[in-house]
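K.L.:
What follows is a structure written as structure tokens; I'll ask about it next.
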Amino acid sequence: MNTKKVAILTSGGDAPGMNAAIRAATRVGIDKGWQIIGVREGFRGLMNGDFLPLDARLVGGIITLGGTMLGSARCPEFKDKTVQKETLKLLEDHGVSGLIVIGGGGSQTGAAALSNLGFPVVGVASTIDNDLYGSEITIGVDTALNIALESIDRLRVTALSHRRAFFVEVMGRDCGYLALHCAIIGGAEAVVIPEAEISPEKVVAELRAAHERGKRHAIVVVAEGARYNAAGLVNYFKEHHEKLGYEARATVLGHVQRGGVPSAFDRMLATQLSAAAVEHMISGQHGVLIGLLKGQIAATPYREVVANKKILDVGLLELARVLSI
Ligand code: ADP
Ligand code: F6P
């Protein structure tokens, strides 16, 4: 059998564990007798033929590192059908016979487009937002949650000393998963997410009630995708002279959440999903996203991935409320 060439790329927002996924795909692929070609900076590198042949030594030591050794990018030009067709021509000219795409919802939509054009593509579910249909949890979520949690724990210390309310804004794009989970595990007094918006007046009522129950501080976790972000809420209270019972401060965690050392969970998840992606490619089962469903590695066809939206379990909001009494 001729050696086959499979390209791998990381795309969209980087996620801790992407390097573990690159390492696993490279080594499993080499073990199967395949040649693995890294693509620099996502779809931008793919359309420009920016390749880096990978070997077992090149991916040594990267499992401990956040980010992605291949680089990532937002590349809106890749949404263009003509660009996609030209990219496939370029891949064929380079003898590349398959592509593994490690990334989130946007990246998997790009991957699905190539798959629809007849090219063998397998996806690996990776985004800190956890908003990707086809995987209960995606690479990077666990590390991002732990980073946010550590920050919330620290903010609580200073909040307590000063009798303050901290409005902590966490990432997640349009999805409230990180915020809701941070609120529960960080012991927040209130949570604001796009899936179940609450008005600023309701936030005030919840904080006043917490104050009356004897709480000397408050943490409000705000999802960046909510109608009012952390600064927006604090400004609103100032402008409306709302008395919260606490002095208010806003903290935006932002990209800090993406930059961590990948947790044990993320390293294992990335390794297993990526190894399974190579196995699927080799056995001809492409056009799928590899994710974790009911605790098992599972492949979901791209047509389902792009046609469906992952639904957040907003039932957890009630648990968050009860735990904040
Ligand atoms: P993520 O993959 O983390 O959700 P983005 O939404 O920014 O991040 O998508 C990453 C990249 O995937 C985009 O910059 C673009 O190159 C590609 N992409 C996104 N949406 C599409 C689409 N509809 N068609 C083709 N490519 C897309
Ligand atoms: O998708 C991951 C993510 O970190 C989102 O949570 C956030 O909205 C976005 O990427 C930020 O994008 P950028 O890194 O391009 O500023």
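K.L.:
Using modelled amide H (1.01 Å from N, peptide plane; none on Pro or chain starts), what sits under 5 Å from the amide H of LEU289, excluding residues fewer than 5 places away?
P.N.:
Result for LEU289 returns GLY123, THR300, TYR302.
K.L.:
Let me ask you something else. Which one, THR251, THR82, THR26, has the greatest fluctuation when you compute a Gaussian network model over the chain with C-alpha springs under 10 angstrom?
P.N.:
Residue with maximal mean-square fluctuation among THR251, THR82, THR26: THR82.
K.L.:
Please find, in a Gaussian network model of the chain (springs between Cα atoms separated by less than 10 Å), the residue of LEU149, LEU114, LEU58 whose mean-square fluctuation is greatest.
P.N.:
With Cα springs under 10 Å in the chain, the top fluctuation among LEU149, LEU114, LEU58 is at LEU58.
K.L.:
Then there's this: Radius of gyration and Dmax for the chain's Cα atoms, expressed in Å?
P.N.:
Considering the chain through its Cα atoms, Rg and Dmax are 21.7, 74 Å.
K.L.:
For a test of understanding, tell me how many lysine pairs in the chain have Cα atoms under 24 Å apart, given they are 8 or more places apart or on different chains.
P.N.:
19
K.L.:
Determine the per residue accessible area of the chain with all protein chains present and a 1.4 angstrom probe, expressed in square angstrom.
P.N.:
Normalised by residue count, the accessible surface of the chain is 43 Å².
K.L.:
Moving to a separate point now. Using Cα pairs closer than 8 Å and at least 6 residues apart in sequence, work out the relative contact order for region 221-325, in percent.
P.N.:
So the answer I get is 12 percent.
K.L.:
Under a GNM of the chain (C-alpha, springs under 10 Å), which listed residue has the highest mean-square fluctuation: GLY284, GLY71, GLY105?
P.N.:
GLY284
K.L.:
Relative contact order, percent, of region 26-91 when contacts are C-alpha pairs under 8 Å separated by at least 6 residues?
P.N.:
Once normalised by length, the contact order is 35 percent.
K.L.:
Compute the long axis of helix 200-212 from its Cα atoms, compare it with the longest principal axis of the Cα atoms of the chain, and write down the angle in degrees, 0 to 90, nearest 10.
P.N.:
Helix 200-212 sits roughly 60 degrees off the main axis of the chain.
K.L.:
Using only the Cα atoms, what convex hull volume per residue in Å³ does region 142-258 have?
P.N.:
84
K.L.:
With both bridge residues required to lie in the chain, what share of the DSSP beta bridges run antiparallel, to the nearest 5%?
P.N.:
DSSP beta bridges in the chain are roughly 20 percent antiparallel.
K.L.:
Helix 264-282: angle to the longest alpha-carbon principal axis of the chain, degrees 0 to 90, nearest 10?
P.N.:
So the helix axis and the longest Cα principal axis differ by about 30 degrees.
K.L.:
Given a 1.4 angstrom probe, I'd like the percentage of the accessible area of the chain that is carbon and sulfur, rounded to a whole number.
P.N.:
Result for the chain: 53 percent of the exposed heavy-atom area is carbon or sulfur.
K.L.:
Could you give me the ³J(HN,Hα) list for region 239-249, computed from phi with Karplus coefficients 6.51, -1.76, 1.60 and θ = phi - 60°, whole Hz, x at Gly and Pro?
P.N.:
4, 9, 6, 6, 9, 8, x, 9, 6, 9, 9
The values are calculated or read from the model by the stated rules, or taken from the named source; none is laboratory data. All values reported here derive from a predicted model rather than from experimental measurement. Calculation scope for accessible area: heavy atoms of the full protein, side chains included, ligands and nucleic acids excluded. Shrake-Rupley method; radii C 1.70, N 1.55, O 1.52, S 1.80 Å.
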